[in-house]
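What follows is one structure encoded as structure tokens, with my remarks underneath.
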Amino acid sequence: MRQTPFGEMFVFDAHTHFFDLSFYENLGRMKGINASAVDIAERLGWDEAPDKSVEAANAWVQEMDAKGVDRMVSMHTIPSNIFQAAEGIHSAAGRLTGYAAMTPNMEGAPNLLDRLVTEFGFRGLALFPSVFRFSMQDEATLGLLDVAHQHGLNIFVHCGAIKIGFRTKLGLPNVFDCTFTPLEMQPICAACPNANFVFPHMGSGYFRELLMLADMVPNIYTDTSGMGGWGKYLDGNPAPHQVLKHAVEVMGAERILFGSDSSFFPRGWRVDTFVAQVDVFQEAGLNDEQVAQILGRNLERMIRVENQSDAPSAPDA
Ligand SMILES: [Zn+2]
């Protein structure tokens with residue numbers, strides 16, 4: 001729980017990345033880098049990754065305890081060595097909720113997702129079609145989405161503009177396809193009513209498209225991470241609180257999730273981002289109930305896991 005001007009709030013962060021040793025190693029193996037995990041840490045100015053992913057998970061739980069964060073989504077971000085990260089995330093089940101970053105062309109992708117859900121308690125699928133260059137309409141993608149639909153997962157889909165700071169820092173080209181918009185997902189989202197689709201960063205530049213989609217299809221969500229960055233693409237260059245207010249008017253506060261986009265140590269959980277977002281909530285004129293929904297209650301409602309009864313929960317939820 002964290003103290004805010006709206007009262008003490010249950011915090012369930014919908015957008016964080018889990019960078020364990022496998023992430024550092026995979027990054028080091030990328031074309032044009034050829035670096036060890038230790039070199040990667042040094043070049044990025046990050047703490048070295050602990051040997052075991054369970055230790056990486058422990059570091060997050062300690063950080064959450066220190067900063068008053070009840071629960072967080074842990075996105076495994078590079079689609080490989082998935083079980084290594086899953087072990088760590090699963091060890092903190094109740095505090096960390098796993099989302100599997102996958103590409104539909106991974107071998108046995110549907111079965112892999114099914115195992116992550118049933119054996120490791122994962123509750124989400126994270127898709128980056130613009131980064132890994134696949135179509136959301138391919139047969140393989142639809143097969144994967146069907147598994148997510150059957151398990152009632154959250155499906156995180158990054159559309160639109162994307163900048164990845166660590167890639168830039170390592171000198172990797174950010175060659176992405178940013179043309180894919182939330183609107184193209186309409187028939188797919190409508191066909192998977194058990195799943196919840198989360199388009200991060202207020203649609204990452206496709207704000208209008210996100211609102212149109214959310215107006216037509218109920219299982220559409222967004223998160224607040226980076227919400228200040230997208231006004232420049234919109235008519236009149238609205239301020240972050242105007243963007244948020246508009247989103248609340250069209251989608252309702254019950255479909256907006258707080259996200260900090262935290263990822264590496266020593267930065268840890270981004271208190272500064274949390275404080276800045278709470279300021280925006282005030283400027284937008286949100287009430288206590290709306291803020292409680294955004295900061296954690298919505299996501300708690302969306303993550304239904306029977307074997308996680310020991311997970312901290314919102315007091316009045
Ligand atoms: Zn992110």
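Read-outs: derived from the displayed coordinates by stated rules, not from any lab. What you see is a predicted model; the values in this text were computed from it and never measured. Here the Cβ positions follow ideal geometry from the backbone for every residue, glycine too, while neighbour counts run over all protein chains shown.
So which trypsin sites (Lys or Arg not before Pro) in the stretch 123-186 end up in coil per DSSP with only 13 or fewer other C-beta atoms within 10 Å?
133, 163
For the stretch 24-115, state which trypsin sites (Lys or Arg not before Pro) are in a DSSP loop and have at most 13 other beta carbons lying within 10 Å of their beta carbon.
Within the stretch 24-115, the qualifying trypsin sites (Lys or Arg not before Pro) (loop, at most 13 other Cβ atoms within 10 Å) are 31.
With each pseudo-label sitting 7 Å past Cα toward Cβ, what's the residue 48-residue 30 distance in nm, one decimal?
Rounded to a tenth, the inter-label distance reads 2.2 nm.
Using r as the Cβ-Cβ distance of residue 139 and residue 8, and R0 as 41 Å, what FRET efficiency do you calculate, to the nearest 0.05?
E(calc), rounded to 0.05, equals 0.30.
What distance in nm lies between label points placed 7 Å from Cα along the C-beta direction at residue 107 and residue 81?
A separation of 1.8 nm, rounded to one decimal place.
Take 125, 286 and order them by how many other Cβ atoms sit within 10 Å, fewest up front. Don't skip to the end; give the middle numbers.
Working: 125 25, 286 22.
Fewest-to-most ranking of 125, 286: 286, 125.
Output the Kirkwood hydrodynamic radius of the stretch 113-204, Cα pairs only, in Å rounded to one decimal.
Working: mean 1/r = 0.0712 Å⁻¹.
For the stretch 113-204, inverting the mean 1/r across all distinct Cα pairs yields 14.1 Å.
What do you get when you divide the Cα radius of gyration of the stretch 184-317 by 2.2 N^0.38 Å, with N the number of residues?
The value comes to 1.07.
Starting from one equal scatterer on each C-alpha and no solvent at all, send me the Debye-based log10 I(q)/I(0) for the stretch 2-308 at q = 0.09, 0.14, 0.16 Å⁻¹, two decimals.
-0.41, -1.08, -1.46
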